[in-house]
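The values are calculated or read from the model by the stated rules, or taken from the named source; none is laboratory data. Given the structure is predicted, the values throughout are model-derived calculations rather than measurements. Reconstructed Cβ throughout: ideal geometry from the backbone, glycine too, with neighbour counts over all protein chains shown.
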Amino acid sequence: MQGVLTDAARSLLGVDTHVVGASRTDAGVHALGQVASVRTASGLSPTAVMGALNAALPGDIRIRAVTEAAPGFDARRHAHRKRYAYLIDNAAVPCPLLRRYAWHVAAPLDVAAMRTGLACLRGTHDFSAFRAAPGASQHPVCTLSALHVVHRKWRIAIVMSGDRFLHHMVRNIVGSAVAIGRGTRLPTWLSEVLASRDRTRAGSTAPAHALTLVRVLY
C-alpha cells in the first residue's frame, strides 16, 4: 500500500515527495486507521491534497483526512501506541460477507477460557515466543496496554493495544488463544509459553486476512 500511495503522491506533488507509513503490516492485513506522513514542497492545501490523492488511488485505498503536521513529524517514529483487532467467525457455517475479513473457526470456542489465558500477556514482557523467525533481530520486549476478547453471538474479536508489535506477534497470539478456545490447551499454558521465549511452544499463526490495524495513537 505504501508503494501505491507513494507513486500517487509523487505524481501529484513532485518526485521529491517522501511518504512514511506508521505501521508495516503483512500482505493480506487490512487497515482502518493507517497514518502516513508526507514531506513535500508542494503548496497545495490539505483539502486539495486529499481530493487529488483519492482521485488517483485505487478504490480499496482512501485518504480520510489530511492535516498539516509540525516540522519533523514522522508517522512511524512518533507513534506511541497501535491498536489491532482480529475477527473470528465462529458460526458453524461461515458468513460469506465476512470471508475476506474474518477467520472462520467452525468448532465452538470457549471464550471465557480464551480471556483467562490471554490475561497474562497484558503488561511489559519479552514476546519472543510469539515472534516469527524473520523478525528475530527485533528487540523482543513490548508493552500490551490493553487486550480484550469481545464476543457477540458468533463473532469474536481479539483487540490489542501496544507500544509496538513484533513480526506476526498478533497472529501468533490469536492462534494460541484459539487453541485454548478449542480445548486443546489449558488457559495456564499461555503463561508457560510466554516464559519460555520459544516460538515452537506457541500455537499456529492465524491467517492474515482477519487482522485489521484499527488505530495509531500519538
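Side notes on the structure shown:
- Tallying residues that are buried (at least 20 other Cβ atoms within 10 Å of the Cβ) and assigned to a helix (DSSP H, G or I) within the range 180-211 yields 6.
- Of all residues in the range 67-82, those satisfying the criterion of being surrounded by 10 or more Cβ atoms within 10 Å (Cβ to Cβ) and either more than 24 Å from Ala146 (Cα to Cα) or of a type in the set (Phe, Trp, Tyr) (or both) are Ala69, Phe73, Asp74.
- Qualifying residue in the range 53-60 (condition: of a type in the set (S, T, N, Q), outside the structural domain of Pro207 (by TED's automatic domain parsing), at pLDDT below 95 and surrounded by 14 or more Cβ atoms within 10 Å (Cβ to Cβ)): no
- Residue within the range 117-134 that is free of Cβ contacts under 8 Å to residues at least 24 places away in the same chain and under 21 Å from Asp26 (Cα atoms) present: no
- Residues within the range 1-46 that are farther than 24 Å from Ala85 by Cα, among the small types (Gly, Ala, Ser) and touching a residue at least 40 places away in the same chain (Cβ under 8 Å), tallied: 3
- Given (1) under 16 Å from Leu213 (Cβ atoms); (2) of a type outside the set (Asp, Glu); (3) not in a loop (DSSP other than H, G, I, E, B), number of the condition Arg64 does not satisfy: (3)
- Filter result for Val38 (of a type outside the set (Asp, Glu), buried (at least 18 other Cβ atoms within 10 Å of the Cβ) and either at pLDDT below 95 or in a strand (DSSP E or B) (or both)): yes
- Selection count, the range 94-106, where residues are assigned to a loop (DSSP other than H, G, I, E, B) and more than 21 Å from Val170 (Cβ to Cβ): 3
- Condition check for His18 on (1) within 24 Å of the chain's Cα centre (by Cα); (2) crowded, with 19+ Cβ neighbours inside 10 Å: one failure, at (2).
- No other residue among Ala129, Ala91, Ala85, Ala119 is in the same structural domain as Ala179 (by TED's automatic domain parsing), surrounded by 11 or more Cβ atoms within 10 Å (Cβ to Cβ) and assigned to a strand (DSSP E or B) apart from Ala85.
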